[in-house]
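Enquirer: Below you'll find the structure I mean.
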């Protein structure tokens, strides 16, 4: 029987040409990509987000960094800002906060094959591409017992129609407390592939939020990988209004007993945007708690994807995990794909998942309009309350208020 050679798309051919001159240390990761190509619908994790079809081309690699816009949504927030423009760190590597260390390294990062990696053992082409092309890895360390007085703001900016790859590793030592903000900005035609990893010790409090504000003609692929020690608390929020194509992956593993993780998200989509949130929460030890809550508002012909999986290992007794995805479709052309999963190998657990998709409640809408509210204002009020459930899970008041303001702006622009 004759062998079949899959045809390469223009995006795959462009990526292969860009990787032709990669150093030997990066060839392993790139080889994994060239062998598999861009993920497609026959790969289960990408069934609803066929990158081979959705990515029409791959722009040239960013060669030099431009200048980041001076205005930012967190301009009024007192934070230590670390700016990465077109894949390159801007300014000197220094920390302005006590208890924080910053450095860069040029070694090839984890492409999923590193020992005890939190990334999928079967490999992920998006992570492999990042490991192959990223120029330098930003390493941030939080010292033992440090309680940072203000957040760390990682600002990822793409200033041209280029491909930019970034990697950041955050190590939080025992007893530390830190808020980490991750914002993504980019112009039309840009492709950004970013991986952020965190490792927290025992008795740590880490609050993280990722915000997608790139142009609606840009592509943003982001991955968050994390491992947690004992008695630690981690929150991670994901807020999306930008990009034509977005996929945000979360891989979190409990490695110490008595820890709690809260993962939430809010996506406000219109036009023909395609936004995918995929997460895997791995309960590898006993007596840990995880909560996942995601809200999606889809207008026009937008497509939303939520794939969530809670894994409970055989010895992870007393696990408590609950996951919910909720979506409101504002137009008949909008689409929502939900795929919540549980893989439970222990018997003394409390786990559950749910998913809802529907339109705004006609009775409640009629009630608000009967009290004098115009239809757009009544819908905006209902949608603000709907999204607010996810935003309330973000602990930092200043960040939460900023996201509430962005929600109001999106609703006003909708009209």
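Enquirer: For the stretch 340-355, does any single residue satisfy the condition of being farther than 30 Å from residue 285 by Cβ, at pLDDT 95 or above and under 24 Å from the mean Cα position of the chain (by Cα)?
Expert: no
Yes or no, residue by residue, for (1) over 22 Å from residue 203 (Cα atoms); (2) outside any strand (DSSP E or B); (3) at pLDDT 95 or above; (4) in contact with a helix residue (DSSP H, G or I) (Cβ under 9 Å, 6 or more places away or on another chain):
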site	(1), (2), (3), (4)
250	no, no, yes, no
258	no, yes, yes, no
263	no, no, yes, no
275	yes, no, yes, no
279	yes, no, yes, no
291	no, no, yes, no
307	yes, no, yes, yes
310	yes, no, yes, no
317	no, yes, yes, no
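Enquirer: Say we look at the stretch 146-159 and pick out the residues that are part of a loop (DSSP other than H, G, I, E, B) and in contact with a strand residue (DSSP E or B) (Cβ under 9 Å, 6 or more places away or on another chain); which of these is surrounded by the fewest Cβ atoms within 10 Å (Cβ to Cβ)?
Expert: Checked the stretch 146-159; the qualifying residue surrounded by the fewest Cβ atoms within 10 Å (Cβ to Cβ) is 150.
Enquirer: Oh, and also: Would you point out the residue of the stretch 229-258, among those that are more than 23 Å from residue 48 (Cβ to Cβ) and touching a residue at least 60 places away in the same chain (Cβ under 8 Å), that is surrounded by the most Cβ atoms within 10 Å (Cβ to Cβ)?
Expert: My answer is 254.
Enquirer: Go through the stretch 90-112 and count every residue that is surrounded by fewer than 18 Cβ atoms within 10 Å (Cβ to Cβ) and either in contact with a strand residue (DSSP E or B) (Cβ under 8 Å, 6 or more places away or on another chain) or under 24 Å from residue 191 (Cβ atoms) (or both).
Expert: Adding up the residues that qualify gives 13.
Enquirer: Let me ask another. Quick one: is residue 302 touching a residue at least 12 places away in the same chain (Cβ under 8 Å), under 17 Å from the mean Cα position of the chain (by Cα) and within 17 Å of residue 212 (Cβ to Cβ)?
Expert: For residue 302, the condition - touching a residue at least 12 places away in the same chain (Cβ under 8 Å), under 17 Å from the mean Cα position of the chain (by Cα) and within 17 Å of residue 212 (Cβ to Cβ) - is not met.
Enquirer: Please go through the stretch 34-52 and give me each residue that is within 21 Å of the chain's Cα centre (by Cα) and either touching a residue at least 12 places away in the same chain (Cβ under 8 Å) or part of a loop (DSSP other than H, G, I, E, B) (or both), ordered by number.
Expert: Hits for the stretch 34-52 are 38, 39, 40, 41, 43, 45, 47, 48, 49, 50, 51, 52.
Enquirer: Mind checking whether some residue in the stretch 360-373 is more than 14 Å from residue 268 (Cα to Cα) and in contact with a strand residue (DSSP E or B) (Cβ under 9 Å, 6 or more places away or on another chain)?
Expert: Within the stretch 360-373 (the criterion being more than 14 Å from residue 268 (Cα to Cα) and in contact with a strand residue (DSSP E or B) (Cβ under 9 Å, 6 or more places away or on another chain)), the answer is yes, since at least one residue qualifies.
Enquirer: Tell me yes or no: at least one residue of the stretch 71-88 is in a helix (DSSP H, G or I), at pLDDT 90 or above and touching a strand residue (DSSP E or B) at 6+ places or on another chain (Cβ under 8 Å).
Expert: Checked the stretch 71-88: no residue is in a helix (DSSP H, G or I), at pLDDT 90 or above and touching a strand residue (DSSP E or B) at 6+ places or on another chain (Cβ under 8 Å).
Enquirer: Only residues that are surrounded by fewer than 22 Cβ atoms within 10 Å (Cβ to Cβ) and either free of Cβ contacts under 8 Å to residues at least 40 places away in the same chain or within 21 Å of residue 410 (Cα to Cα) (or both): list them for the stretch 259-271, please.
Expert: Once the filter is applied, which keeps residues that are surrounded by fewer than 22 Cβ atoms within 10 Å (Cβ to Cβ) and either free of Cβ contacts under 8 Å to residues at least 40 places away in the same chain or within 21 Å of residue 410 (Cα to Cα) (or both), the stretch 259-271 yields 260, 270, 271.
Enquirer: Has the stretch 118-135 got at least one residue that is surrounded by fewer than 17 Cβ atoms within 10 Å (Cβ to Cβ), touching a strand residue (DSSP E or B) at 6+ places or on another chain (Cβ under 9 Å), within 26 Å of residue 59 (Cβ to Cβ) and in contact (Cβ under 8 Å) with a residue 40 or more places away in the chain?
Expert: For the stretch 118-135, residues surrounded by fewer than 17 Cβ atoms within 10 Å (Cβ to Cβ), touching a strand residue (DSSP E or B) at 6+ places or on another chain (Cβ under 9 Å), within 26 Å of residue 59 (Cβ to Cβ) and in contact (Cβ under 8 Å) with a residue 40 or more places away in the chain: present.
Enquirer: While we're looking at this one, here's another question. Mind checking which residues of the stretch 185-205 are surrounded by fewer than 23 Cβ atoms within 10 Å (Cβ to Cβ) and more than 16 Å from the chain's Cα centre (by Cα)?
Expert: Within the stretch 185-205, 187, 188, 189, 199, 201, 202, 203, 205 qualify.
Enquirer: Of everything in the stretch 388-415 that's more than 24 Å from residue 292 (Cβ to Cβ) and in contact with a helix residue (DSSP H, G or I) (Cβ under 9 Å, 6 or more places away or on another chain), which residue is surrounded by the fewest Cβ atoms within 10 Å (Cβ to Cβ)?
Expert: That would be 415.
Enquirer: Just to be sure I understand the filter: pairs with C-beta atoms under 7 Å, separated by 6 or more residues or on different chains, first member in the stretch 386-405 and on the phi > 0 side of the Ramachandran plot, second member part of a helix (DSSP H, G or I) and surrounded by fewer than 22 Cβ atoms within 10 Å (Cβ to Cβ). Which pairs pass?
Expert: From the stretch 386-405, no pairs qualify.
Enquirer: Considering each residue of the stretch 293-305, count those that are over 17 Å from residue 261 (Cβ atoms) and in a strand (DSSP E or B), and give that number.
Expert: 7
The values are calculated or read from the model by the stated rules, or taken from the named source; none is laboratory data. Predicted, not measured: the structure shown is a model, and the values here were computed from it. Ideal geometry is used to build each Cβ from the backbone, glycine not excepted, and the neighbour counts take in all protein chains shown.
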